[in-house]
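These notes concern the structure reproduced below.
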Amino acid sequence: MGAHGGGTGDPVDNWVKKLLVGIAAAYIGLVVLVPFLNVFFQAFAKGIIPFLEHCADPDFLHALKMTLMLAFVTVPLNTVFGTVAAINLTRNEFPGKVFLMSLLDLPFSISPVVTGLMLTLLYGRSGWFAALLRETGINVVFAFTGMALATMFVTLPFVVRELIPILENMDLSQEEAARTLGANDWQVFWNVTLPNIRWGLLYGVILCNARAMGEFGAVSVISGNIIGRTQTLTLFVESAYKEYNTEAAFAAAVLLSALALGTLWIKDKVEEAAAAESRK
């Protein structure tokens, strides 16, 4: 985790380094900062009252509720899965381990739109599991269940990929000593393993939450983007903008940006705490 935080580097003391830093700053400003600030400018162009009125719209509030619910469901599940998977992958050797670890990166390489299409083909009316779903009365496509599955898929690698390098470099002598003293597996994890991986775990959770709240492609396909039912904030932005309701679209974009800024602030605090601990 300490590697994610700011560290000491070479001073920018010649024109070549200054030029490179200037180019990097200009690029980030044009690609990231200017569009980001423009969202706020457009949202508040007619004042705070229209912005608040859009935020109080029932469809807007429902989209916000769906976004928060998806994060509330998917982040804890992928946190538990990622932790268990990382521990088992780093502590055990078995046939197919390399292939399994490669599968964990699959959500990074597959387009989210393709992910939504795959889930629709599996759980739709003519999908592989259609008969089973009809018998049980469970709706996946155009329902919160499918949206959660899509979000879980795209956010699956974040926690496990943060923990695997930490666990691989972790000294196992503390765990072995705890077991020698009679600690069971849960006690070893809670008192020895977790304190050693907590910063990486927190960082993975933050990344997972950020992706869950900002996911668009996979959720768009499987949800059907039904206003007032299966619409998240990202889908609300698209539909509002297509309907020329730009003020509502920018209001939703501002809220998403605020959530992103909050996530970045928490991320920075976690990195600072991890870096401070590593210097002790």
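Roughly speaking, what is the stretch gain from ASN184 to PHE72, that is 0.36 nm per residue apart minus the C-alpha to C-alpha distance, in nm to one decimal?
37.3 nm
From the protein chains alone at 1.4 Å, what is the descending order of accessible area for ILE49, ILE87, largest first?
From most exposed to least exposed: ILE49, ILE87.
With a sphere of radius 13 Å drawn around the Cβ of ASP185, what net charge do the other residues whose Cβ falls strictly inside it have (Lys, Arg +1; Asp, Glu -1)?
0
GNM, the chain, Cα, under 10 Å: largest mean-square fluctuation among VAL192, VAL39, VAL270?
The residue with the greatest mean-square fluctuation here is VAL192.
Taking only Cα atoms and a 10 Å spring cutoff, compute GNM fluctuations for the chain and point out the largest among LEU133, LEU256, LEU68.
Highest fluctuation of the listed residues: LEU133.
Go through region 47-150 and name the GluC sites (Glu not before Pro) that are in a DSSP coil and have 13 or fewer other Cβ atoms within 10 Å of their Cβ.
Those that pass, being in a loop and sparsely packed, are GLU93.
Looking at the chain as a GNM with Cα springs under 10 Å, which of THR90, THR155, THR136 has the largest mean-square fluctuation?
THR136
Starting from the Cα-Cα distance between ALA131 and LYS18, subtract it from 0.36 nm times their residue separation and give me the gain in nm to one decimal.
34.3 nm
For region 190-262, give the magnitude of the charge dipole about the Cα centre (Cβ charges: +1 Lys/Arg, -1 Asp/Glu; no others), in debye to the nearest 20.
Computed charge dipole of region 190-262: roughly 260 debye.
Taking the structure as given and computing mean projected area of the Cα convex hull in nm², which label from [x] 20.7; [y] 15.1; [z] 43.5 fits?
[x]
The values are calculated or read from the model by the stated rules, or taken from the named source; none is laboratory data. None of these values were measured; they are calculated from a predicted model. When we count neighbours, we look across all protein chains shown, and the Cβ atoms used for this are built from the backbone with ideal geometry, even at glycine. Ligands, DNA and RNA are excluded from the accessible area calculation, which covers all protein heavy atoms including side chains. Shrake-Rupley method; radii C 1.70, N 1.55, O 1.52, S 1.80 Å.
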